[in-house]
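Enquirer: Mind looking over this structure? Questions follow.
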Ligand SMILES: *Cc1c(COP(=O)(O)O)cnc(C)c1O
């Protein structure tokens, strides 16, 4: 348990709750009751039932034969892309919506960058008949119109954040302002292992279903419960936290997290927090982030909207600092090529985010008998425009035979 949060929400030196005084009562109210609720028998039953019958869990653990041959090792894909709404994000929104309901909340607010978390939140609000307000940067609204329409069809109100760069950070500020003004009836549903304590802990716990399943699925298929490697992409870090969770204390399992380095870590167009960031405060917690000399947050860049985040959750900052997990990065180009490869030889179009995890297969060397689990955090439908636009310039042209 040494890599999980302590009672004050610290992972080593990272985490805590650094919030404006006006927000303190809201966070205190959540802190006072979340443990008892999510550890209760009734809650667990409802959570498991929805994951099974609504989300479609367990997600398959698929032995990717051709990909394994290609890399000369044994590769298993954890298929979070097959979940309802197309990614791992729904595991968390299901958990938090049940928590909000049990707390007697009537109104849900969320922030979203690319719109994926907004869609997952609007989905569970429709399911539970709760009012849903999603804050989204005005720039992001223009870039991600299909997700805006999905949220609206699901009954959510999407409010544009017009300050700053009009992206995720600004949407977060608006959501926090809303929460301060509506402490009684409103629940703030955060989408990754970020934010003030106890959010990172709550989100990691809900996502831990991913590694819980891998344990028995591997056992069923090959008679062992732990792989040699687990690879996941990291934006804020929730899918990686979920797929690492039950293996944190098993130091024989090598944990590999892949950040998006955009055009490259030496350019300014990157989202590789570990490679380029240092200690600071973002989204209510002490963690690692990309900032300039004056502590101003640097706008991140990645081809994949879900990894385009200037910080990383405190859970990961600690795994990085202690060396428990290794943080590497993949560029836009490397991720695109990994996505074309998986599509071509396994018939699976991954989300661009997940393609960063797949790109790591090129950078590591495995033994033939190593068992490698790659978390496919989402499906690629939302990324089709980008894939089509970039395929011409790719050496994975559609007709070229594999060498
Ligand atoms: C949002 C998203 C991510 C990044 O978020 P994490 O919290 O780092 O997991 C990764 N993959 C997909 C498909 C996403 O939608």
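Enquirer: Output the 0 to 90 degree angle, nearest 10, between the alpha-carbon long axis of helix 24-39 and the longest principal axis computed from the alpha carbons of the chain.
Expert: It works out to around 60 degrees.
Enquirer: Once you have the Cα-Cα distance between residue 369 and residue 391, take 0.36 nm times their residue separation minus that, and quote the gain in nm to one decimal.
Expert: Computed gain between residue 369 and residue 391 is 4.6 nm.
Enquirer: Could you tell me how far the Cα centroid of region 335-351 sits from the Cα centroid of region 229-295, in Å?
Expert: The two parts, judged by their Cα centres, are 23 Å apart.
Enquirer: Across 20 Å bins from 0, what is the distribution of all Cα-Cα pair distances for the chain, in whole percents?
Expert: 29, 61, 9, 0
Enquirer: Something else about it: Would you mind ranking 136, 145, 103, 274 by Cβ crowding within 10 Å, fewest neighbours first?
Expert: Fewest-to-most ranking of 136, 145, 103, 274: 145, 103, 274, 136.
Enquirer: Roughly how many nanometres apart are two label points built 7 Å out from the Cα toward the Cβ at residue 265 and residue 294?
Expert: A separation of 2.7 nm, rounded to one decimal place.
Enquirer: By how many degrees, between 0 and 90 and to the nearest 10, does the Cα long axis of helix 209-222 differ from the longest principal axis of the chain?
Expert: In the chain, helix 209-222 runs at an angle near 30 degrees to the longest axis.
Enquirer: Angle, helix 332-346 long axis vs. longest principal axis of the chain, Cα atoms, 0 to 90°, nearest 10?
Expert: 60
Enquirer: Apply the a/c threshold of 1.5 to the C-alpha gyration tensor of region 105-185 and tell me whether it is rounded, prolate or oblate.
Expert: oblate
Enquirer: So, one more: Would you mind computing, in nm to one decimal, how far apart the modelled labels at residue 31 and residue 321 are, each placed 7 Å from Cα along Cα→Cβ?
Expert: 1.9
Enquirer: By counting other Cβ atoms within 10 Å of each Cβ, how are 373, 258 ranked from fewest to most? Write down the numbers at each step before the final one.
Expert: Numbers: 373 25, 258 30.
The order, fewest Cβ neighbours first, is 373, 258.
Enquirer: Largest first, please: the extent of the C-alpha atoms of region 159-293 along each principal axis, to the nearest Å.
Expert: Per principal axis, max minus min of the Cα coordinates gives 54, 45, 24 Å.
Enquirer: Would you kindly state how much longer the chain becomes between residue 6 and residue 24 on full extension, computed as 0.36 nm times their sequence separation minus their alpha carbon distance, in nm to one decimal?
Expert: The span from residue 6 to residue 24 would gain 4.6 nm if fully extended.
Enquirer: How far apart, in nm, are the 7 Å Cα→Cβ label points at residue 69 and residue 13?
Expert: 5.0
Enquirer: Here is a follow-up. Multiply the residue separation of residue 177 and residue 143 by 0.36 nm, subtract the distance between their alpha-carbon atoms, and state the gained length in nm to one decimal.
Expert: That works out to 9.8 nm of additional length.
Enquirer: When a footprinting reagent is the concern and you count Cβ atoms within 10 Å, what order do 84, 246 take, fewest first?
Expert: 84, 246
The numbers here are math on the coordinates, done by the rules we state, and not lab data. Everything numeric in this text was worked out from a predicted model, so none of it was measured. Every residue, glycine as well, gets a Cβ built from its backbone with ideal geometry; the counts of neighbours run over all protein chains shown.
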